[in-house]
Amino acid sequence: MATISTDDLLALAQRALAASGADAAMAQATARALVYADSQGLASHGVARVPAYAAHLRNGRAVGTAKPRVLRERGGAVLIDAGAGLAYPACAEAVDTAVSRARDHGVAFTGVTNSHHFGAGAYHLEAVAQAGMVGLAFSNSPAAMPAWGGKRALFGTNPIAAVFPRRNGARILIDLSLSEVARGKLMVAAKEGREIPLGWALDADGQPTTDPKAGLAGSMLPMGGVKGAMLALVVELLACALTGAHFGFEADSFLTDEGEQPRVGHAFLVIDPGALAGQSAYLDRVEALVDAMQEDEGVRLPGARREALSEKAAGNGVMVPDVLLQQLHDLAGTGKPLD
């Protein structure tokens, strides 16, 4: 493992993406999102994704020059086309638009269609919290989980994120996928040659497995059994039926270099507390709940651990596997010699 500063990692990831076909805006937006994930301990959604993104750019699975554009808008509802590019520029526009429309209408829903891998859902909501608003984010992804009672992978792992700003303390930040664990954790385990715990995935024959490669070839298990499967269905409908995007079973895997453009969907709901009980009342109620939660010793607020890791990473850098770091240098064309 090597330690690298977040600034250097950002520059390296950006250069690797640009060398693979992303324009300056897309490379920068994508690199920022990935380094954010690494700095918060989410290696499965960090720069480990750069080699796959780079292959998708080279092979036409992602369009490096795509520019987000508004397809439809009415009041607080807006639909944005990602143009089959990497998701981050379109998501940034969708969030900025939702915040602006929520100021005008009290609430806004922005959908993104024709898109790519969503990354860490919480990243997209940081701007919502900074605006003093409540935000929810949803995304589908290529099929990884079966419908409850079925055997064929049909739904994606379909992440959900939520943010609730506070008066003074760090915002409450919730980010989860609806599989028992994020599929990216299997990717990392497979690259590092580690086993995974039973209960994470099934192999292609529907049998429990500790082999991450077998799990990636099979299907993920939903968290909470049937409840997780139902929530995955909700996300498919929110992110795809409302946006016209591909359902999970219609999208080729993010994990293969070759294939069709995934064209998945995302959705963002932003609410201005001032339009309801009022900003002051909202903040009072949040703190009342936080105080009650923290009366029990050991309770940790969602997002607190990530915030601590991010602060540490800002000063000390992040750990990146040697093999991955070499891949990034090779993609960026920096000429870093092999050790």
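Tabulated data for the structure shown
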read-out: Residues of type lysines that Lys191 reaches as a straight line, Cα spacing below 21 Å, ignoring anything fewer than 8 places off in the same chain; value: Lys213
read-out: Computed over the chain: relative contact order in percent, which uses C-alpha pairs under 8 Å that are six or more apart; value: 23
read-out: Förster radius 25 Å - calculated FRET efficiency between Ala11 and Glu258 (Cβ-Cβ, nearest 0.05); value: 0.30
read-out: Gain on full stretching of the segment that runs from Asp322 to Asp96 - 0.36 nm per residue minus C-alpha separation; value: 77.7 nm
read-out: Cα centre as origin, Lys/Arg/Asp/Glu Cβ charges: region 31-78 dipole, Debye; value: 260
read-out: Given the chain, longest segment not containing exposed loop trypsin sites (Lys or Arg not before Pro) (DSSP; at most 16 other Cβ within 10 Å); value: 1-150
read-out: Reachable aspartates and glutamates, given that their alpha-carbon falls under 17 Å from the alpha-carbon of Lys185 and they are not under 8 places away in the same chain; value: Asp38, Asp175, Glu195, Asp203, Asp211
read-out: Longest exposed-site-free window of the chain, the sites being GluC sites (Glu not before Pro) in a DSSP loop that have at most 13 other C-beta atoms within 10 Å; value: 1-194
read-out: Calculated FRET value between His105 and Met293, using beta carbons and R₀ = 30 Å, to 0.05; value: 0.45
read-out: Between region 1-36 and region 117-134, the alpha-carbon center distance in angstrom; value: 19
read-out: Segment Leu276-Thr210, extension gain: residue separation times 0.36 nm, minus the distance between their alpha carbons; value: 18.9 nm
read-out: Kyte-Doolittle mean at least -0.5, axial Cα span of 24 Å or more - DSSP H helices of the chain; value: 87-105
read-out: Simple spin-label estimate for Thr3 and Arg194 in nanometres, 7 Å along Cα-Cβ; value: 2.0
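Since every read-out is calculated from the coordinates, none of them should be taken as a lab result. If you're wondering where the values come from, they're calculated on a predicted model, not measured in any experiment. Neighbour counts run over all protein chains shown; Cβ positions are idealised from the backbone, glycine included.
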